[in-house]
Structure formats: C-alpha cells, structure tokens
1. Most exposed first by the Cβ proxy, i.e. fewest other Cβ within 10 Å, how do Ile85, Ile209, Ile253, Ile154 rank?
2. Based on the alpha-carbon gyration tensor of the chain and its eigenvalue square roots a ≥ b ≥ c, which shape applies: rounded if a/c is under 1.5, prolate if not and a/b is larger than b/c, or oblate?
3. Let me have the relative contact order for the stretch 1-102, percent, based on Cα pairs under 8 Å that are six or more residues apart.
4. Would you work out which of Gly115, Phe79, Pro36 lies farthest towards the positive end of the dipole of the stretch 29-131? Charges go on Cβ: Lys and Arg +1, Asp and Glu -1.
5. Add -39500 (n - 2.57) for each DSSP H run of 4 or more in the chain, then divide by its residues: what number comes out at 222 nm, to the nearest 500 deg cm²/dmol?
6. Which lysines have a Cα lying under 21 Å from the Cα of Lys236, excluding residues fewer than 8 positions away in the same chain?
7. Give the range of the longest stretch in the chain that excludes all trypsin sites (Lys or Arg not before Pro) found in loop regions by DSSP and having at most 11 other beta-carbon atoms within 10 Å.
8. Does the stretch 21-104 come out rounded, prolate or oblate by the C-alpha gyration tensor, with a ≥ b ≥ c the root eigenvalues, rounded set by a/c under 1.5 and, if not, prolate when a/b is larger than b/c and oblate if not?
Amino acid sequence: MTITEAPVTATPLDRARAALRARLLADRVLIDLGSPGLYGRTGVFERVYTAVDTAAVRSMADLDSEVLRFPPVEPLAAFERTDYIASFPDLAASISGFTGGDRKHRELLAARERGERWESFLEPADLMLAPAVCHPVYGLVGDTVQQAGRSFDIVGDSFRREPSLDPMRLQAFHMHEFVHIGTPTSAKAHRDEHIPVMRSLLEGFGLDIDVVPANDPFFGRVGKILARNQVEQALKYEFVTPVYGDAGEATAISSANLHEDHFGLSFGLRTEDGEVAHSACLAFGLERITIALFAAHGTDPAAWPAAVRRALTL
Ligand code: ATP
Ligand code: ZN
C-alpha cells in the first residue's frame, strides 16, 4: 500500500482526504516529501498562493499596518510568555543542536552505523519553532501602546506537530496575520469590523463560507473545559469551508480572534491611560485557502470560473 491509498477500513472522510491528496500529487500541485503534512510546492500552487496572499493584504488596506517579519523559530523566553505549552503541548516543537565533543560524536556515529536513531545525542537549544506568527510582536511594542492602538501585518512560517495525511492539515505552513494591540474597544472593533471583510473576500474566491465559534484542540482533560469555554465566550471565530462535502466537518481556513487581556497581561502591555492592553488577531491560513480553491475548482486555474479568476487577479 502506498501512502496515498486509504486503508480498507477507511471512513468516507478518510477516503475524501486521500482522494484530494492523491489528486494534488498526481496533478503536480504538491510534491510528497515523504513525511505526512510536509510538501514541496510547484509553480501552479505558488501562483495561486501568491494571488491569495495579495488579495488578503489588499482586503486589509484600511488598517495601514506596520509590516513585521520574523524567522520561523522564536526564543524560548518569548514562547514561554505566550503560554502555548499549557494549551497545546502536543503541537509544540523545539530545536535541538549538537553540543558534545569528539567522544560523543563517535558515539552518535556508532549508533547511526547500527541503524539506530541518533537525535537523542542532540541537546535542546533555547529555540522553539513558531506555532503562530504573531507571537514575537507582543514582546516588541514596549510597555505602553498609544491610545489609538497599533496594527501589524505579519506573515511567516508556522510549525505545528500534527502529522496527517489530510492535505488541509500541514506541519509546516504559513499564516498572514493582521494583529491589533490597543484598548478593549479598539481590539474588539478590529476583530468585529473585519469579520465581514474576510468573509466576503473568501466568498469572492467562490468558496462556501460559514463563520462559526472556534473549536481549538486544547490538550488533555483540562483542554475539554477550555474548549467549551472558548465556544461559550465566542472570542474566536473561524471561517470554515466544506472541503470534503458531506463526508466531514468543514475546515477552518482563516480565523478572527479576540485575545482580550491575555497577551497584555503576560507581556506587561498597557495603553496610555494605564489600562492593560487588549489584542486581537485576524489570521489567513494561506495554504488552507489555496488548497480549498484547488479542491473547489480543480487543479487547473485556467479553467476556474471567470469571477474567481478576477477576484484573484489570476
Ligand atoms: P492565536 O492568535 O489564538 O494564537 P491564530 O489566529 O494565530 O491563533 P489559528 O487560528 O490557530 O492561529 O490558525 C490560523 C489559521 O492557520 C487557521 O485558521 C488555519 O487556516 C491555519 N492553520 C492552522 N493549523 C494548520 C495546519 N495544521 N495546516 C495548515 N493550516 C493551518
Ligand atoms: Zn495570532
């Protein structure tokens, strides 16, 4: 059995995922790198991906955001302050490096020679792979943010350790985030005013969109309670689209999240009036939107409906 075939016991959802994955690979949209959720990308993928990103940026032009770009790894100290490890330990991933001398190196090579895994010879470095691209910004704005708030345009690599054969669930992907740090009112307005904008952008791509309270995969038993609270408080919304039709739940391709004072408290951020700063973040899942487009309209963009091609200026 090759990795692209669903097992005999597969559910309709497994089969739908395997079929989309097989089509994207066969039609040379994605390239299998031999590890679930890691793909190379070809020209046709890149063309649509770039068009999606450009349209997303255009839709947020009113924000006049400050542009920031960060590397795909973040210092452990910054990661700590986000509290990510409390909620999503299973998705987190750290960087390790070799710090031994000659002797340890010989032991590593001997283990490798025996066909054993050798990564245990590496030591954790104080670096984490970034699971969300907005994290570094909260440590960079200083302790006082102007009363009107500040908006940021951040895009970059995200890594989440969730290997899967679902082509919508990658381990390494990109999100384009529009973050606002300001007052409770300005943060909430940032989220609420842009929900319709994001919705109509995604609908303009010819996708069926629902906006629903988010259901993040918080870890463990406590996580079940956190997940229930998240839905009840309705702080975070997701833009979902039924990539697999009736076979499974619709997939989140973007999100709009009000953090309230979460980052303000942990990073010690205040507005000029002395109140704890609030933040909100709009995130476009760039690969998910791109793959949803291929799933909805086929793998040849030249054959997509004219209105969709216009919306994407393809
Ligand atoms: P927060 O600000 O709460 O940390 P966020 O808004 O930065 O969260 P998420 O909502 O978790 O981040 O993710 C943003 C978007 O990234 C999702 O809507 C989705 O489109 C995309 N995404 C998340 N996980 C994956 C994945 N495994 N593969 C591909 N895209 C993903
Ligand atoms: Zn964010």
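1. Fewest-to-most ranking of Ile85, Ile209, Ile253, Ile154: Ile85, Ile209, Ile154, Ile253.
2. oblate
3. Computed value for the stretch 1-102: 11 percent relative contact order.
4. Gly115
5. -11000 deg cm²/dmol
6. Candidates past the 8-residue exclusion: Lys188, Lys224.
7. 118-314
8. Taking the square roots of the gyration eigenvalues as a ≥ b ≥ c, the stretch 21-104 is oblate.
Laboratory data are not the source of any read-out in this text; all were calculated from the coordinates shown. The structure displayed is predicted, hence computed values, not measured ones. Glycine also receives a Cβ, built like all others from the backbone with ideal geometry; neighbour counts cover every protein chain displayed.
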